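Trainee: Have a look at this one.
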Amino acid sequence: MSQNLSAYRIFYAVANTGNISKAAKELYISQPAISKSIQKLEEGLGCRLFARSSRGVTLTEEGGLLYSYVKDAFDTLTLGEENLHRSIELGVGHLKIGVSTTLCKYLLLPCLKEFIKHYPHIRISIHCQSSNETLKLLQENKIDIGLVGKPENEKELHFDHVADIEDIFVAAKDYLRNLKTRGIAKSHILENSTVMLLDKNNMTRQYIDDYLQQNNIQVQDFINISNMDLLIEFAKIGVGAACVIRNFVREELKDGTLIEIPLETPIGKREVGFAYKEPGKSTKSLELFIQFYTKK
């Protein structure tokens, strides 16, 4: 754009009023300044924009063509300002959340259900992937906040605790009965089972792999499953023993659909919470979301 925005603003005001004096009053600048700006604009564009008479000014053919574009531009700017003011008044914004499929279903959705009631105008994007990938997206500023297991070495992130989760191994009653028939002792169930775990890029899987190694549990047969819901369903039909989160199978444990496999050393509980860049780098939508869940 060869001319500055203020020159087009003056041109637009003169075209709308058809009078330099009225335009000067509207813009709170002097008439000579108006005339000089129009003259400079005409010289820069190489054509006359206004025809002058004792009654005022009217657009030339070239001026009319330019006006059609300038009007569209200023209408767009006005609309942008109106939408901005409306977004501020209504709390409109965009919140980008990263979360694993499991945590999304069992922890994030109940929280979002209440949040949306309070802030219905905030647009929400959910990025479902592993906790490791969520942390990567946070570092790359591609999401605002992530619901993850507590990271060990993320100094640049702030972490708000939401819940403690406990990993356990479960299997269907018939599956365990078959192992017992084969003479498998309770203390060696995992070594003699088809063990179903989340895939290797999952933070939970890495945690369980460490547990198995530290406790010298030698599993012979693994099945990698993409998400917790499938782990639970495969365990229910007797495919094998699944590592799941206790919080998410309470009903199945209660009604006997799944049986917890006893472990000599229980798997330690883990913290789950919201991670985000340090305060001061957050958007208004993120600030509202943080305020909401910290008050719950």
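The values are calculated or read from the model by the stated rules, or taken from the named source; none is laboratory data. These numbers come from a predicted model, not from an experiment. Neighbour counts are summed over all protein chains in view; Cβ atoms, including those assigned to glycine, are modelled from backbone coordinates with ideal geometry.
Trainee: Kindly indicate whether any position in segment 239-254 is more than 22 Å from Leu107 (Cα to Cα) and either in contact with an Asp or Glu (Cβ under 6 Å, 6 or more places away or on another chain) or in a helix (DSSP H, G or I) (or both). Step through it out loud before you land on a result.
Mentor: The first filter runs over segment 239-254 and keeps only residues more than 22 Å from Leu107 (Cα to Cα), leaving 239-241.
Cutting the leftovers down to either in contact with an Asp or Glu (Cβ under 6 Å, 6 or more places away or on another chain) or in a helix (DSSP H, G or I) (or both) gives us none.
Within segment 239-254, none of the residues are more than 22 Å from Leu107 (Cα to Cα) and either in contact with an Asp or Glu (Cβ under 6 Å, 6 or more places away or on another chain) or in a helix (DSSP H, G or I) (or both).
Trainee: Can we say His118 is farther than 23 Å from Leu230 by Cβ and modelled with pLDDT under 90?
Mentor: Yes; evaluated as a whole, the condition is true for this residue.
Trainee: Quick test of your reading of the structure: Ile116 fulfils all but one of (1) farther than 28 Å from Lys254 by Cβ; (2) touching a residue at least 12 places away in the same chain (Cβ under 8 Å); (3) in a helix (DSSP H, G or I); (4) hydrophobic (A, V, I, L, M, F, W, C). Name the failing condition by number.
Mentor: Among (1) farther than 28 Å from Lys254 by Cβ; (2) touching a residue at least 12 places away in the same chain (Cβ under 8 Å); (3) in a helix (DSSP H, G or I); (4) hydrophobic (A, V, I, L, M, F, W, C), the lone unmet condition for Ile116 is (2).
Trainee: While we're here: Just name the residue that is surrounded by the most Cβ atoms within 10 Å (Cβ to Cβ) out of those in segment 258-271 that are in contact with a helix residue (DSSP H, G or I) (Cβ under 6 Å, 6 or more places away or on another chain) and farther than 19 Å from Asp164 by Cα.
Mentor: Here the residue is Leu258.
Trainee: Right, next: Where the second residue is assigned to a helix (DSSP H, G or I) and of a type in the set (Gly, Ala, Ser) and the first is farther than 16 Å from Leu258 by Cβ and in contact (Cβ under 8 Å) with a residue 40 or more places away in the chain and lies in segment 177-202, which pairs have Cβ atoms under 8 Å and are six or more apart or on separate chains?
Mentor: These pairs meet every condition: Asn202/Ser131.
Yes/no per residue for (1) more than 37 Å from the chain's Cα centre (by Cα); (2) surrounded by 13 or more Cβ atoms within 10 Å (Cβ to Cβ):
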site: Ala185; (1), (2): yes, no
site: Leu190; (1), (2): yes, yes
site: Thr194; (1), (2): no, yes
site: Ser226; (1), (2): no, no
site: Leu230; (1), (2): no, yes
site: Phe248; (1), (2): no, yes
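Trainee: Further question: Test Lys150 against the stated conditions and say whether it is closer than 15 Å to Glu271 by Cα and among the basic types (Lys, Arg). Write out each step before concluding.
Mentor: On the way: closer than 15 Å to Glu271 by Cα: yes; among the basic types (Lys, Arg): yes.
Yes: the conditions hold for Lys150.
Trainee: Are there any pairs, at least 6 apart or on different chains, whose C-beta atoms fall under 7 Å, with the first in segment 11-37 and on the phi > 0 side of the Ramachandran plot and the second outside any helix (DSSP H, G or I) and of a type in the set (A, V, I, L, M), and if so, which?
Mentor: Hits for this filter: Gly18/Val57.
Trainee: Kindly check whether there is at least one residue in segment 276-295 that is part of a helix (DSSP H, G or I), small (Gly, Ala, Ser) and in contact with a helix residue (DSSP H, G or I) (Cβ under 9 Å, 6 or more places away or on another chain).
Mentor: Restricting attention to segment 276-295, the residues satisfying the condition of being part of a helix (DSSP H, G or I) are 284-295.
Next, from what is left, pick out any that are small (Gly, Ala, Ser): 285.
Those still in the list that are in contact with a helix residue (DSSP H, G or I) (Cβ under 9 Å, 6 or more places away or on another chain) too: none.
No, every residue in segment 276-295 fails to be part of a helix (DSSP H, G or I), small (Gly, Ala, Ser) and in contact with a helix residue (DSSP H, G or I) (Cβ under 9 Å, 6 or more places away or on another chain).
Trainee: So Asn227 ticks every box in (1) in contact with a strand residue (DSSP E or B) (Cβ under 7 Å, 6 or more places away or on another chain); (2) at pLDDT below 90 but one. Which box is left unticked?
Mentor: (1)
Trainee: Residues that are closer than 27 Å to Ile145 by Cβ, out of contact with any Lys or Arg (no Cβ under 6 Å at 6 or more places or on another chain) and among the basic types (Lys, Arg): does segment 182-198 have at least one?
Mentor: Among the residues of segment 182-198, not one is closer than 27 Å to Ile145 by Cβ, out of contact with any Lys or Arg (no Cβ under 6 Å at 6 or more places or on another chain) and among the basic types (Lys, Arg), which makes the answer no.
Residue-by-condition table, conditions (1) farther than 18 Å from Lys296 by Cβ; (2) surrounded by fewer than 16 Cβ atoms within 10 Å (Cβ to Cβ); (3) of a type in the set (A, V, I, L, M, F, W, C):
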residue: Gly80; (1), (2), (3): yes, yes, no
residue: Lys96; (1), (2), (3): yes, no, no
residue: Thr102; (1), (2), (3): yes, no, no
residue: Tyr119; (1), (2), (3): no, no, no
residue: Ser130; (1), (2), (3): yes, no, no
residue: Thr134; (1), (2), (3): yes, no, no
residue: Lys142; (1), (2), (3): yes, yes, no
residue: Ile145; (1), (2), (3): no, no, yes
residue: Pro151; (1), (2), (3): yes, no, no
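Trainee: For segment 10-40, enumerate the residues that are of a type in the set (S, T, N, Q), surrounded by fewer than 20 Cβ atoms within 10 Å (Cβ to Cβ) and either more than 17 Å from Ser53 (Cα to Cα) or in contact with a Gly (Cβ under 7 Å, 6 or more places away or on another chain) (or both). Steps first, answer last, please.
Mentor: Keep residues of segment 10-40 that are of a type in the set (S, T, N, Q), which gives 16-17, 19, 21, 30-31, 35, 37, 39.
Next, from what is left, pick out any that are surrounded by fewer than 20 Cβ atoms within 10 Å (Cβ to Cβ): 16-17, 19, 21, 30-31, 35, 39.
If the condition is that a residue be of a type in the set (S, T, N, Q), surrounded by fewer than 20 Cβ atoms within 10 Å (Cβ to Cβ) and either more than 17 Å from Ser53 (Cα to Cα) or in contact with a Gly (Cβ under 7 Å, 6 or more places away or on another chain) (or both), then Asn19, Ser30 are the ones that fit.
Trainee: Another one. Can you find a residue that is under 18 Å from Asp229 (Cβ atoms) and out of contact with any strand residue (DSSP E or B) (no Cβ under 7 Å at 6 or more places or on another chain) anywhere in segment 187-201? Outline the logic, then answer.
Mentor: First, the residues of segment 187-201 that are under 18 Å from Asp229 (Cβ atoms): 195-199, 201.
With the extra rule that they be out of contact with any strand residue (DSSP E or B) (no Cβ under 7 Å at 6 or more places or on another chain), the set shrinks to 201.
Yes, segment 187-201 contains a residue that is under 18 Å from Asp229 (Cβ atoms) and out of contact with any strand residue (DSSP E or B) (no Cβ under 7 Å at 6 or more places or on another chain).
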